[in-house]
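Enquirer: Dropping a structure here in structure tokens format, bear with me for questions.
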Amino acid sequence: MLKRNSYAAITASIAAVSTKERLAVMFVRVHGLREASLRHGYAYGEQAETQAAAVIADALRPGDQLFRASADRFFVVLPHLGNAGHAQLAAACLAGAFEHPLGNGQASWRAHVICGVALYPEHGGEPDLLC
């Protein structure tokens, strides 16, 4: 389920899309966060979640928006795309950002991401359909 702020952001982004542009909503799941928390403790798990969100944010363009759906799941709104290939490129860049181990130096962990991408208007015209 979408949090209110992500739903509003997707709705506003849809309203701002021109006829020559595409909008993508990317669902991102970071595998390894739960395991890091179980292995190293909940405080470490919270730091890992924050670090994973920062890695995702650093991989995005300035106008992209990041929203947390749960501890290991995120939504990303990618406005102003030229075509579907740009959304695929964003997903590939995001996956590449997790190639290196994350952690605090004493306890590192490997994460990998799974991304799902839906395009507006091809895959739906409402936030619920795009997610």
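The values are calculated or read from the model by the stated rules, or taken from the named source; none is laboratory data. The model shown is predicted, which means the values in this text are computed figures rather than measured ones. Ideal geometry is used to build each Cβ from the backbone, glycine not excepted, and the neighbour counts take in all protein chains shown. Note: areas computed on protein heavy atoms with side chains; ligands, DNA, RNA excluded. Shrake-Rupley method; radii C 1.70, N 1.55, O 1.52, S 1.80 Å.
Enquirer: If a residue has to be part of a helix (DSSP H, G or I) and within 20 Å of the chain's Cα centre (by Cα) to count, how many in the range 5-36 make the cut? Quick ask: steps written out before the conclusion?
Expert: Let us first name the residues in the range 5-36 that are part of a helix (DSSP H, G or I), namely 5-16, 33-36.
Narrowing the set further to residues that are within 20 Å of the chain's Cα centre (by Cα) leaves 5-14, 33-36.
So the count comes out to 14.
Enquirer: Still on this structure: Looking only at residues that are of a type outside the set (D, E, K, R), more than 23 Å from Phe98 (Cβ to Cβ) and at pLDDT below 85 in the range 17-58, which one is surrounded by the most Cβ atoms within 10 Å (Cβ to Cβ)?
Expert: My answer is Val17.
Enquirer: Quick check on the range 41-53. Is at least one of its residues among the polar types (S, T, N, Q), more than 11 Å from the chain's Cα centre (by Cα) and in a strand (DSSP E or B)?
Expert: no
Enquirer: Here's another thing I want to ask about it. Take Ser108 and tell me if it is more than 27 Å from Tyr7 (Cβ to Cβ), in contact with a Leu (Cβ under 9 Å, 6 or more places away or on another chain) and polar (S, T, N, Q).
Expert: Spelling it out, Ser108 is indeed more than 27 Å from Tyr7 (Cβ to Cβ), in contact with a Leu (Cβ under 9 Å, 6 or more places away or on another chain) and polar (S, T, N, Q).
Enquirer: Now for a separate question. State all residues of the range 114-131 that are open to solvent by 20 Å² or more (accessible area, probe 1.4 Å) and in a strand (DSSP E or B); if no residue qualifies, say none.
Expert: Correct list: Ile114, Cys115, Gly116, Val117, Tyr120.
Enquirer: I'd like the full set of residues that are open to solvent by 90 Å² or more (accessible area, probe 1.4 Å) and either of a type outside the set (Asp, Glu) or assigned to a strand (DSSP E or B) (or both), limited to the range 96-113.
Expert: Residues of the range 96-113 open to solvent by 90 Å² or more (accessible area, probe 1.4 Å): 99-100, 106, 110, 112.
Correct list: His100, Gln106, Arg110, His112.
Enquirer: Can Leu129 be described as touching a residue at least 12 places away in the same chain (Cβ under 8 Å), out of contact with any Lys or Arg (no Cβ under 7 Å at 6 or more places or on another chain) and under 21 Å from Asn5 (Cα atoms)?
Expert: no
Enquirer: Sort through Ala12, Ala8 and tell me the only one that's out of contact with any helix residue (DSSP H, G or I) (no Cβ under 7 Å at 6 or more places or on another chain) and either open to solvent by 70 Å² or more (accessible area, probe 1.4 Å) or under 21 Å from Ala90 (Cβ atoms) (or both).
Expert: It is Ala12.
Enquirer: A further question on this structure: If we keep just the residues of the range 65-90 that are buried (at least 20 other Cβ atoms within 10 Å of the Cβ) and more than 19 Å from Leu129 (Cα to Cα), which is modelled with the lowest pLDDT?
Expert: That would be Asp72.
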